[in-house]
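The values are calculated or read from the model by the stated rules, or taken from the named source; none is laboratory data. Please read these numbers as outputs of a predicted model, since none were measured by experiment. Cβ placement follows ideal geometry from the backbone for every residue including glycine, while neighbour counts extend to all protein chains displayed. The accessibility values were calculated without ligands, DNA or RNA, using every heavy atom of the protein model including side chains. Shrake-Rupley method; radii C 1.70, N 1.55, O 1.52, S 1.80 Å.
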Amino acid sequence: MRKLVVLKSVVDFIWIVTCIPAIPLLLFFTVFIFINPDALDILFDIDYSILKTPIITVQVFALLSVILAFISIYCFYLFRKTLRYFQKVKPFHDQVIQNFYKIGYLLSGVGVTASVLFVVAQLLFKGQFKIHLGITPSLMLICLGLFFMVLSEVFKVAKNAKQENDLTI
Amino acid sequence: MSIIVNLDIMLAKRGMKSNELAERVGITTANLSILKTGKAKAIRFSTLEAICKALECQPSDILEYVED
């Protein structure tokens, strides 16, 4: 259980230091990209000489990236919430199973969307068609998401086994 | 479930209280209540043996199959 305490501390640290400040910063960035489009250079390495699409397209892409970042933060929040159930020694609570499924579903979605966004952005803003076949962060996110979904199924089976064991007299 | 536990009937026939049976069998009254109300998913042979011994009866006196 000491490992759980360490994990919860690390997750809390990341939540306080990274996620909480990221929320207002991302909100500010969302508004700022529409006021000053130069800020888009932070997200995309745009070659303006070949950029044929209007700047609003880049802004929409940036907005989608921000939405993905928010979803990732929400996933982290759910994970933090799930750890609280582990601390209360309720690992087979319905909420844990639901949270794991939700995290998995969202992370896989973020991974797939980020991959598609990356390919389309490269095509539109740099005039290159690039697909990474190696280990990319998006691919890792998809794997992590699927792992969480499998974990949710495993917890469901474990919950039923525990229930059956508890009701065996 | 189509398996009915007739523990109440046997207890009444023997004039025994639930607490006493639970104590003799070595299970908690909460678990005995689960058994009596039919919420139990399974029963161990050792528990069944202990109940039969305490109530001086056969397993068929306690368990009954009724078609749904």
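Side notes on the structure shown:
- Using the Cβ-Cβ distance between B:VAL66 and A:VAL154 with R0 set to 35 Å, the FRET efficiency works out to roughly 0.45.
- Heavy-atom accessible area per residue - chain A, 1.4 Å, Å²: 62
- Estimated translational D of segment A:1-142 in µm²/s (Stokes, Kirkwood radius over Cα pairs; 37 °C; 0.692 mPa s): 191
- Degrees separating the helix A:94-121 axis from the principal Cα axis of chain A, which is the longest one: 20
- Between 0 and 90 degrees, the angle of helix A:2-14 with respect to the longest Cα principal axis of chain A falls at about 30 degrees.
- In this rough spin-label picture, where each label sits 7 Å from Cα along the Cβ direction, the A:LYS8-B:ASN6 distance is 5.1 nm.
- Accessible area that becomes buried as B packs against A, both chains, 1.4 Å probe, Å², nearest 100: 700
- Legend: mean number of C-beta atoms from other chains within 10 angstrom of residue C-beta atoms, peptide B:37-44, equals 3.
- Segment B:3-65, accessible surface, carbon-and-sulfur percent (1.4 angstrom probe): 51
- According to the Kirkwood relation over distinct C-alpha pairs, the hydrodynamic radius of segment B:3-65 is 11.4 Å.
- By the helix-only formula, in which each DSSP H run with n ≥ 4 contributes -39500 (n - 2.57) and the sum is divided by residues, the protein assembly as shown has a 222 nm mean residue ellipticity of -22000 deg cm²/dmol.
- Each part reduced to its alpha carbon centroid, segment B:24-58 and segment A:100-169 end up 46 Å apart.
- To put it simply, the accessible area of chain A at a 1.4 Å probe is 71 percent carbon and sulfur.
- Calculated FRET value between A:ILE42 and A:LYS81, using beta carbons and R₀ = 25 Å, to 0.05: 0.25
- In degrees, nearest ten, helix A:20-35 long axis to first principal axis of chain A (Cα): 20
- Entry comment: accessible area of chain B is 68 Å² per residue, from protein heavy atoms only and a probe of 1.4 Å.
- Going from the isolated chain to the complete set of protein chains, segment A:129-169 loses at least 50 Å² of heavy-atom accessible area (1.4 Å probe) at A:LEU167, A:THR168, A:ILE169.
- Note on A:PHE70 and A:LEU146: the extension gain reaches 25.4 nm, defined as 0.36 nm multiplied by sequence separation minus the Cα-Cα distance.
- For chain A, the Cβ-based charge dipole about the Cα centre amounts to some 660 debye (Lys, Arg positive; Asp, Glu negative; other atoms uncharged).
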